[in-house]
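K.L.:
Have a look at the structure that comes next, please.
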Amino acid sequence: MTGTILVDHPADRVARITLDRPTALNALNLQAMREITTTAAELDRDPNVGAIILTGSAKAFAAGADIKEMAPRSFSDVFAEDWFAGWDTLSRVRTPLIAAVAGYALGGGCELAMICDVLIAADNAKFGQPEITLGVIPGMGGSQRLTRAIGKAKAMDLILTGRMMDADEAERAGLVSRIVPADALPEEGVTTASKVASTSKPASMMAKEAVNRAFETSLSEGLLFERRLFHSTFATHDQKEGMAAFTNKRKPDFRHT
Ligand code: CAA
């Protein structure tokens, strides 16, 4: 069976998963879900990986869940198989995930990008949740993550009309971390991931956990959670090294412990 992804290591401590179903605009079938989540979980366990890039092609990050695979399924099928629940594995990855998005990021493609932590968009990127035009609704987190990212008014607009939003609108709305020229996207993805991967891994994992906790808890509980994590960084080698390096005006030599 041909694979749906390519995996490489474009820089020190950086892994990259490239969606590779060009004839289907990287539509996410069950095989792709299995391969992406299994690979990401493996990379997450690798102490030599400090950031993971998720990317697609110049034309499509991913044009959604695979409509042809879904079309014949019954309610009992998708309910019994708990269709899309497998993506939760990706949201449990603790290593920072960098989405580098060019072209279409629609339906499951937009939802996949939103599972990631930093979202870099090419200036040709197009985001949307067109499920409503197929007689269904988002199923990989769109109604929840998009609403948290860009607010109710805009999320409703996109989800109820199925329209696409270009990179500028997505950045203004707060969905996108930043926009880069399309031909610079691969390099920007690697540069950003390298920067993240060069920091202390325990610190970047804790920072990710703290930000994500903001979506799950009250402000006072979130502040306490953050403070306790901050305190715990003082048990690491890298806190001692990072602060000593600053004081001695040299580059830190993090050991990721
Ligand atoms: N599933 C399966 N195949 C897809 C696909 C998808 N989501 N998106 C594109 N493809 C296939 C097309 O069927 C076509 O295959 P064939 O050559 O065999 O016909 C090939 O990819 C190229 O696509 P187009 O010819 O349509 O390319 P285009 O440039 O004319 O249009 C597009 C691009 C606007 C993205 C269009 O392909 C499109 O609208 N795709 C579907 C987008 C969509 O509705 N996504 C939501 C899916 S549902 C979902 O994601 C549920 C969820 O919440 C998880």
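The values are calculated or read from the model by the stated rules, or taken from the named source; none is laboratory data. Bear in mind that the values here come from a model prediction, so they are computed numbers and not experimental data. For neighbour counting, all protein chains shown are included, and Cβ atoms are generated from backbone atoms with ideal geometry for every residue, glycine included. These accessible areas exclude ligands, DNA and RNA; they are computed on the full protein's heavy atoms, side chains included. Shrake-Rupley method; radii C 1.70, N 1.55, O 1.52, S 1.80 Å.
K.L.:
Which value in Å does the Kirkwood hydrodynamic radius of the range 196-257 take, with 1/r averaged over all unlike C-alpha pairs and then inverted?
P.N.:
12.4
K.L.:
Still on this structure, I have one more. For the range 101-257, give the share of DSSP beta bridges that are antiparallel, in percent and rounded to the nearest 5; count only bridges with both residues there.
P.N.:
30
K.L.:
My understanding is that a pair violates if its Cα-Cα distance is over 23 Å; which of Lys208/Lys240; Lys59/Lys208; Lys126/Lys195; Lys152/Lys195; Lys126/Lys154 do that in this structure?
P.N.:
Distance filter (> 23 Å) returns Lys59/Lys208; Lys126/Lys195; Lys152/Lys195.
K.L.:
Could you tally the net charge around His256, taking each other residue with its Cβ under 9 Å from the Cβ of His256, Lys/Arg +1 and Asp/Glu -1?
P.N.:
Around His256, the surrounding residues sum to +2.
K.L.:
Quick check: the distance between the Cα centres of the range 229-245 and the range 139-155, to the nearest angstrom?
P.N.:
After rounding, the separation between the Cα centres reads 36 Å.
K.L.:
Could you tell me the distance between the Cα centroids of the range 185-208 and the range 63-128, to the nearest Å?
P.N.:
Each part's Cα centre sits 22 Å from the other's.
K.L.:
Which percent of the accessible heavy-atom area of the chain goes to carbon and sulfur, probe 1.4 angstrom?
P.N.:
Accessible surface attributable to carbon and sulfur in the chain totals 57 percent.
K.L.:
When averaged across all projection directions, what area in nm² does the alpha-carbon convex hull of the range 1-154 cover?
P.N.:
Result: a mean projected hull area of 9.5 nm².
K.L.:
If you count only protein heavy atoms with a 1.4 Å probe, what accessible area per residue comes out for the range 144-219, rounded to a whole Å²?
P.N.:
Per residue, the range 144-219 has an accessible area of 56 Å².
K.L.:
So, one more: Using the crude model of +1 on Lys and Arg Cβ and -1 on Asp and Glu Cβ, and no other charge, please compute the dipole size for the chain relative to its Cα centre, in debye to 20.
P.N.:
That gives a dipole near 740 debye.
K.L.:
Note the angle between two axes, namely the Cα long axis of helix 30-45 and the longest principal axis of the Cα atoms of the chain, as a number of degrees from 0 to 90, rounded to the nearest 10.
P.N.:
0
K.L.:
Sticking with this structure for a sec: Of all DSSP beta bridges located in the range 5-198, what percent are antiparallel, nearest 5?
P.N.:
Roughly 25 percent of the DSSP beta bridges within the range 5-198 come out antiparallel.
K.L.:
With runs of 4+ DSSP H residues as the only contributors, calculate the mean residue ellipticity of the chain at 222 nm using -39,500 (n - 2.57) per run, divided by the residue total and rounded to the nearest 500.
P.N.:
-12500 deg cm²/dmol
K.L.:
State, in angstrom, two size descriptors of the chain derived from its alpha carbons: Rg to one decimal place and Dmax to the nearest whole number.
P.N.:
Cα only, the chain: 18.9, 65 Å (Rg, Dmax).
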